[in-house]
Amino acid sequence: MKEEFWNHNNRLALLTIFLVGTLLLGSCRDDYLYDNQEPDWLGESIYDYLKTSGNFSYFIKLIDDVGYTSVLQKTGSKTLFVSDDATFDRFFQDNPWNVNSYDELSLTQKKLIIKFAMIDNAYLIETLPNYFDGTLQEGTALRRSTSVSVLDSIQFESGDLLPKGRFWDGRRNKGIHLMKDATSWPMVHFLEKSLKNAGIDNNDFSLITGVDRTTNDAHIFSVKVIERDITCKNGYIHVLEEVLIPPVNVAENLKTNPNLKIFSDLLDRFCAPYYNANQTSAYNLINPQNPIDSIFEKIYFSDYDGQIRYPNGSLISTDLLLPLNPGRNEYVSSAAGSSMQSDMAAIFAPTNAAMTSYFETGAGVILKNRFGTWENTPDYIIMKLLRRHLRESFLETVPGRFDKLVDANNSPIPIGPGDITSSYVGLNGVVYNTNKVYPPDDYISVYAPVLLSNETSVFNWAVNENEFYLYLNALRSTYSFFVPTDAYFKNYIDPVAYAKEVKGVMKYWYNTETNSVNATVYTYNPLTGEVGDSVSTITNRNFISRRLLDLLDTHVVVGDVESGGKYFFTKDGNILLVEGKGAELKVQAGHDIESGTVVNVLNNGVYRQQNGTTYFIDKPLQTPLQSVYKVLSETPEFSEFFALLNGFPATREIFVKRTNYYGIDFNIRFFNTFNYSVYVPTNQSIRQAINDGLIMSWDQINGITDNQQKTNAMDKLERFLRYHFQDNSVFLDGETFVRLYQTATIKQNDEETQFRTYEDKYYRLRIISEGDNIKLETENWGTANLIKDNGLYNILTRDYIFSGNPPAYREIDGTGTGSEFSNSSITTSSTAVIHQIDNVLRFE
């Protein structure tokens, strides 16, 4: 243990030994030296030292007036921070209490000065940063409880001083007796050891406190200790440069600082008065002459040291809970475990000027345009701003660490020391007054228009339900986000329902009574496109959340759709056809193209955000409802290629419908949640390849009697067919490029090929896009060209994989009346674009 800590404890131990020894030895010796006197090294009591020193008369008066004479003269083990008479004379000339003389101090003020300056243990300055929480923690304490009682200052708050809000309004006419907090009033001390251990340098300290320090200086809040470690027989005295007046907690500092009124008013939306029966009884017990009927406590809404229920007992929504209770004096940072001493909170509090500038001319104009004033901005919007500015750990928020600050979503907070106009050290943390606002990413990303609009409740619910904002708020990415507004969110063809014998379409709508999205299902005839009567309403939260997540994935493009080109990939690999720019932009997904439906951007529906553009559109984008199987099987020009693919026996079929492959109809077995291109040779070129002996027809293969030869023939045919399936979708869209792409056939030998593909790697194709044509080159130096004349190119498909019960899957009612449907989900999908080409593709 450190020497100074030993010194303090052993002085007290020696004092105990001395007293016990006096009693024991007194019974057997008549001339013991200390029978009638104390040893010189014990010194005087704290009270006697101050009285005999001659320059602490004000402090002696305080002690006498509050009834602490015997406490500081005869008993206890105390630490007292005092100020001399000259310091008090300066204090009476200028102080926050506006008292001009000692006589003007109230009894409450006298108690606060004495009790806040007193710690109920004896500490040297060197041992003050040590504390015990089961084990000795050396040099890490920043705070320590004082002797102030929460009952020393019960204020009556008139109605005009109470915060705005429904739980305060009922108290506004008469006012209330209000405790700002019911926990103790800690002292904050900045000492050499604790500052060094916390990594707080002198520049940090100056910005935090507004005063300068040099090595080994000690400060209580911002007040310097000018004389330390005066040893008395009942503790220690430390002399301060100024009179120590108890600060308030960080929440009360915001409320009492007129320059922070806008921010403070927003914060105070999330607090309420709670009747405190224990403190009411305790106060009346010690003040029987002036009892108070009811004492209330101001508590902020937080699941960490705050309230999670309103005064009426109803549960507070989690999106309206602060990350901490800024009004709790004994706030304990989660980083500090269960100990108050080693850390506290911090708040970035933008000044009124900063808040006004942000709202009127900065990025916050989007808020002004939507809500008009800060006061009209809804609580759930404001909470996102507050969470960004309330910091759970002061140690992680010192100026020297500003460049490393991130919010709860790991998004950087772009603050610098130059943003700090002033600071305040309160009972439970530090308030940094800033000349800037640090908006949450939700305010500036492509998510912002959805969050702030009253026309996008469905998508906003889906974003929050799936925590999709974490994706949309990635400011280093660029997105194009298509958002169907609530009014147009109808007649969406559900892919799972489309796979049923009884089909249905959905209208998603926001239920204001349950604050969730429901889906009304209507009958649907896919042949005529006719939508019939409503059949049922689905309220299953998981079902709707999963379906809307699929929609979110298909409505986000990574990139700028106005950057040129026509075809763009969505987050989940679906494909959108985009034409035009800005408000004139038109967009189509796969089924929209197939059905001739054009999706339009609404008037005033384009929002340029920091990480891309949000487009409000007049209907949901409908991704393909046709699989590769469906297109190949129903297109006569693809019949020969389809026949070859469809001829494999069940043990090695290419078109599959199994438990783990179940979709609208049949899926490609080797598709794996990616995007592909499928090149379909003409019927004539397939027949020619069979006639030339390059491949065998199924009639020829099935006529082989030798099993091994038959297997070899099937292997050869499958490898030939798979060479027509390419990783990555490419389109005929005017773009020019030359690229190599992998196919689905693996090279099984080391023979040299055009693209020098290694053995056990996938054979490749060279795609040469010439703007108005696509040419393919093969591993064996062959070529093929895309055919445009018949329009069989750029055909979009999607192979779904659904959860559910495959044996009875198609018979399940797709209108939401059966439990199987409401429990279904889209597990994954793969997309493909189909082109017809004029020749077969070969690698041999």
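The values are calculated or read from the model by the stated rules, or taken from the named source; none is laboratory data. These numbers were taken from a predicted model, which means no experiment stands behind them. Because the Cβ atoms are built from the backbone with ideal geometry, glycine has one as well, and the counts that use them run over all protein chains shown. When the accessible area is computed, the model is the full protein with side chains, heavy atoms only, and any ligands, DNA or RNA have been set aside. Shrake-Rupley method; radii C 1.70, N 1.55, O 1.52, S 1.80 Å.
Residues in region 767-778 that are part of a strand (DSSP E or B) and closer than 18 Å to Phe720 by Cβ: Leu776, Glu777.
Quick check on region 94-108: of everything there that is without any contact (Cβ under 8 Å) to a residue 60 or more places away in the chain and within 49 Å of the chain's Cα centre (by Cα), which residue is farthest from Val66 (Cα to Cα)? Write out each step before concluding.
Residues of region 94-108 without any contact (Cβ under 8 Å) to a residue 60 or more places away in the chain: 94, 98-108.
Okay, now just the ones that are also within 49 Å of the chain's Cα centre (by Cα), so 94, 98-99, 105-108.
Details: Asp94: 23, Asn98: 21, Val99: 18, Leu105: 12, Ser106: 11, Leu107: 7, Thr108: 9 Å.
Applying the filter and picking the extreme gives Asp94.
Give me a count of the residues in region 820-844 that are assigned to a strand (DSSP E or B) and touching a Leu at 6+ places or on another chain (Cβ under 9 Å). Final tally of qualifying residues: 8. Looking across region 730-748 at every residue that is polar (S, T, N, Q) and more than 23 Å from Asn646 (Cβ to Cβ), the one that is surrounded by the fewest Cβ atoms within 10 Å (Cβ to Cβ) is identified as Thr736.
Of the strands (runs of 3 or more DSSP E) that lie entirely inside region 127-190, those containing 3 or more residues that are out of contact with any helix residue (DSSP H, G or I) (no Cβ under 9 Å at 6 or more places or on another chain) span 143-145, 155-157, 186-190. Considering the conditions (1) assigned to a helix (DSSP H, G or I); (2) free of Cβ contacts under 8 Å to residues at least 24 places away in the same chain, Glu513 is excluded by exactly one of them, (1). Please verify whether region 693-713 includes one or more residues that are open to solvent by less than 50 Å² (accessible area, probe 1.4 Å), modelled with pLDDT of 95 or more, under 46 Å from the mean Cα position of the chain (by Cα) and closer than 23 Å to Glu637 by Cα. The answer is no; no qualifying residue exists. Within region 821-833, if we keep just the residues that are open to solvent by less than 10 Å² (accessible area, probe 1.4 Å) and in contact with a helix residue (DSSP H, G or I) (Cβ under 6 Å, 6 or more places away or on another chain), the residue that is modelled with the highest pLDDT turns out to be Ala832. Contact annotation: residue pairs with Cβ atoms under 6 Å, 6 or more positions apart or on different chains, pairing a residue in region 523-534 that is over 15 Å from Ala499 (Cα atoms) with a partner that is outside any strand (DSSP E or B), are Val531/Asn491. Residues in region 267-297 that are open to solvent by 20 Å² or more (accessible area, probe 1.4 Å) and of a type in the set (S, T, N, Q): Asn276, Asn278, Gln279, Ser281, Asn284, Asn287, Gln289, Asn290, Ser294.
Criterion applied to Asn259, Asn234, Asn253 was being open to solvent by less than 60 Å² (accessible area, probe 1.4 Å), touching a residue at least 12 places away in the same chain (Cβ under 8 Å) and under 30 Å from Ile382 (Cα atoms), and the one residue passing it is Asn253.
Output the residues belonging to region 58-81 that are hydroxyl-bearing (Ser, Thr, Tyr) and either outside any helix (DSSP H, G or I) or within 15 Å of Leu240 (Cα to Cα) (or both). Tyr58, Tyr68, Thr75, Ser77, Thr79, listed by residue number.
Highlighted here are the strands (runs of 3 or more DSSP E) found entirely within region 578-662 that include at least 1 residues which are surrounded by fewer than 19 Cβ atoms within 10 Å (Cβ to Cβ) and not small (Gly, Ala, Ser): 586-588, 599-609. Filtered by the rule that a residue be within 18 Å of Asn259 (Cβ to Cβ), of a type in the set (A, V, I, L, M) and open to solvent by less than 40 Å² (accessible area, probe 1.4 Å), region 347-371 gives Ile347, Ala349, Ala354, Met355.
Among the residues of region 141-166, which ones are closer than 30 Å to Gly76 by Cα and of a type in the set (D, E, K, R)? Full working, then the answer.
First pass over region 141-166, keeping only residues closer than 30 Å to Gly76 by Cα: 141-154.
Passing the criteria: Arg143, Arg144, Asp152.
The one condition from (1) at pLDDT 50 or above; (2) open to solvent by 50 Å² or more (accessible area, probe 1.4 Å); (3) β-branched (Val, Ile, Thr) that Thr79 does not meet is (2). Scanning region 665-696 for residues that are part of a helix (DSSP H, G or I) and either over 16 Å from Asp838 (Cβ atoms) or hydrophobic (A, V, I, L, M, F, W, C) (or both) yields Ile686, Ala689, Ile690, Asn691.
For every residue, the table says whether it meets (1) farther than 25 Å from Asn667 by Cα; (2) in a loop (DSSP other than H, G, I, E, B).
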| site | (1), (2) |
| --- | --- |
| Gln709 | yes, no |
| Ala744 | no, no |
| Thr753 | yes, yes |
| Glu759 | yes, yes |
| Asn780 | yes, yes |
| Lys788 | yes, yes |
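Checked against (1) more than 43 Å from the chain's Cα centre (by Cα); (2) modelled with pLDDT under 95; (3) buried (at least 22 other Cβ atoms within 10 Å of the Cβ), Asn667 meets all criteria but (1).
Among the residues examined, Ala349 qualifies as in contact (Cβ under 8 Å) with a residue 60 or more places away in the chain, of a type in the set (Gly, Ala, Ser) and within 27 Å of Gln155 (Cα to Cα). Only one entry of Ser194, Ser264, Ser222, Ser206 meets the criterion of being closer than 21 Å to Phe402 by Cα and surrounded by 19 or more Cβ atoms within 10 Å (Cβ to Cβ), and that entry is Ser194.
The condition (being closer than 30 Å to Val558 by Cβ and at pLDDT 95 or above) is satisfied by just one residue among Val431, Val398, Val425, Val446: Val446. Comparison of Tyr469, Tyr443 shows that the only residue that is crowded, with 19+ Cβ neighbours inside 10 Å and within 26 Å of Thr539 (Cβ to Cβ) is Tyr469. Pairing residues of region 151-177 that are in contact (Cβ under 8 Å) with a residue 12 or more places away in the chain and aliphatic (A, V, I, L, M) with residues that are open to solvent by 70 Å² or more (accessible area, probe 1.4 Å) and not in a helix (DSSP H, G or I), at Cβ distances under 7 Å and at least 6 apart in sequence or on separate chains, gives Leu162/Arg171. Among residues of region 291-312 that are over 18 Å from Leu267 (Cα atoms), those with a beta-carbon under 6 Å from a residue that is part of a loop (DSSP other than H, G, I, E, B) and not basic (Lys, Arg) at least six positions away or on a different chain give the pairs Ile295/Asn276.
Within region 139-169, the residues that satisfy the criterion of being at pLDDT 90 or above, touching a strand residue (DSSP E or B) at 6+ places or on another chain (Cβ under 7 Å) and not charged (D, E, K, R) are Ala141, Leu142, Ser145, Thr146, Ser147, Phe156, Pro163, Phe167, Trp168. Look at Val71 and say whether it is among the β-branched types (Val, Ile, Thr), farther than 16 Å from Glu44 by Cα and in contact with a Phe, Trp or Tyr (Cβ under 9 Å, 6 or more places away or on another chain). No; evaluated as a whole, the condition is false for this residue.
Residues that are β-branched (Val, Ile, Thr) and open to solvent by 30 Å² or more (accessible area, probe 1.4 Å) within region 298-333 comprise Ile308, Thr318, listed in sequence order.
Pick from Thr140, Thr146: which is open to solvent by 40 Å² or more (accessible area, probe 1.4 Å) and β-branched (Val, Ile, Thr)? Walk me through it before giving the result.
On the way: Thr146 fails: open to solvent by 40 Å² or more (accessible area, probe 1.4 Å).
Residue meeting the stated conditions: Thr140.
Scanning region 557-571 for residues that are out of contact with any Ser or Thr (no Cβ under 6 Å at 6 or more places or on another chain) and not in a loop (DSSP other than H, G, I, E, B) turns up Val558, Tyr567, Phe568, Phe569.
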